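Take a look at the structure set out below.
The values are calculated or read from the model by the stated rules, or taken from the named source; none is laboratory data. This structure is a prediction, so every number in the text was calculated from the model and none was measured. Please note: Cβ atoms are built from the backbone with ideal geometry, for glycine as well, and neighbour counts cover all protein chains shown. Only protein heavy atoms, including side chains, enter the accessible area calculation; ligands, DNA and RNA are left aside. Shrake-Rupley method; radii C 1.70, N 1.55, O 1.52, S 1.80 Å.
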Amino acid sequence: MDFPVDPIMAAKAYKYKAELLLKEYLLADSYVLYTSVLVGLLMCKLSYDFTHIISSVYFKGYASLTKMKKIEWNNRGMSTVHAILITMMSVYLVFLSDLFSDQLDGPVTFRSSHLSNFTLGVSVGYFIADLAMIFWFYPSLGGMEYVFHHILCLVCAVYAMLSGEGQLYAYMFLISETTTPGINLRWFLDVAGKKNSKAYIVNGVAMFVTWLMVRIVLFIYLFYHILTNYDQVKQMDTFACVLISVAPTILFTMNVIWFSKIVKGLKKTLAKRHAE
């Protein structure tokens, strides 16, 4: 005799099974690193294909794009998905969770968790996939500055994931991915012939603000945090200390150079709009 199934009880049962799977397999010590990287690679594949399908249906001009433009279009959709995911997780881990809280005992430079390791692994998977595409289609998807940027981020993410050291600073780096959706949207609007639209101007202003906050101001705070907690930083492995010293400096320099280009582009767009 079959008994009626209570939807609420069924939902709770599925939730329990999902949490059990997450705890005992995906976030288990022996699997978390491998699983997270594979999840990152799978996320890239799915988001790339999803961008292709959605664009083919809802953007009439997609079909007329060249093969290389379609590849870059899909690639930017992939990077947007990663940026949104990693930004949310980075903000949560750095500012909302207790992982890096000053209230906890012990050096902040040695703190990590299953969730923080898993999230870094997803980003490692993304950087591997994106680097592979950049090399395969070089230089259509970006020049040497993109290769250098991705390799540097990949090294930092891999080391922080494997060692558990300096994850706070790795996530501060990754918060800078906040700017990626805006950059990609600007490219989409340009390719779609919307360079003179209000959306393009709003996007330019939003890019200026977000870039200033997460790639300039936040990095200045990162340097301040490193200096004020240097007694904890110097306890890390020598390689980690070198990364903490070199990587933020290089990335900050690149951010300033790119920011100057954003300012020039925004001024040009606003001046053109004002003239019209």
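Given R0 = 30 Å, the distance between the Cβ atoms of residue 232 and residue 49 translates into a calculated FRET efficiency of 0.10. Residues in region 120-139, backbone N under 17 Å from the label point at residue 187 (7 Å along the Cα-to-beta-carbon vector): list them, ranges by number please. Only 126-139 fall inside the zone, counting backbone N under 17 Å. Between 131, 179, 116, the Cα set farthest toward the positive side of the dipole of region 28-275 (charges on each charged residue's Cβ, about the Cα centre) is that of 179.
For region 264-271, the Karplus equation 6.51 cos²θ - 1.76 cosθ + 1.60, evaluated at θ = phi - 60°, returns couplings of 4, x, 5, 4, 5, 5, 5, 5 Hz by residue, with Gly and Pro reported as x. Contact order, relative form, for the chain: 20 percent (alpha carbon pairs under 8 Å, 6 or more residues apart, mean separation divided by residue count).
Remark: region 106-115, residue by residue, has Karplus-estimated 3J(HN,Hα) of x, x, 5, 6, 10, 8, 7, 8, 4, 5 Hz, where x stands for each Gly or Pro and the curve is 6.51 cos²θ - 1.76 cosθ + 1.60 at θ = phi - 60°.
Once the chain from residue 250 to residue 136 is taken as fully extended at 0.36 nm per residue, the excess over their C-alpha distance is 38.5 nm.
Order of 143-151, 70-78, 201-209, 171-179 by packing, highest average Cβ count within 10 Å first?
Highest to lowest by the protection proxy: 171-179, 70-78, 201-209, 143-151.
The residues of the chain expose on average 57 square angstrom of accessible surface per residue, using a 1.4 Å probe on protein heavy atoms.
Listed values for region 55-71 are Karplus-derived 3J(HN,Hα) couplings in whole Hz (6.51 cos²θ - 1.76 cosθ + 1.60, θ = phi - 60°), namely 5, 5, 8, 9, 10, 4, x, 4, 5, 8, 6, 5, 4, 5, 5, 5, 4, and x replaces Gly and Pro. Each 5 Å bin, from zero up to the one with the longest distance, holds this percent of the alpha carbon pairs of the chain: 1, 5, 10, 14, 16, 15, 13, 9, 7, 5, 3, 1, 1, 0, 0, 0.
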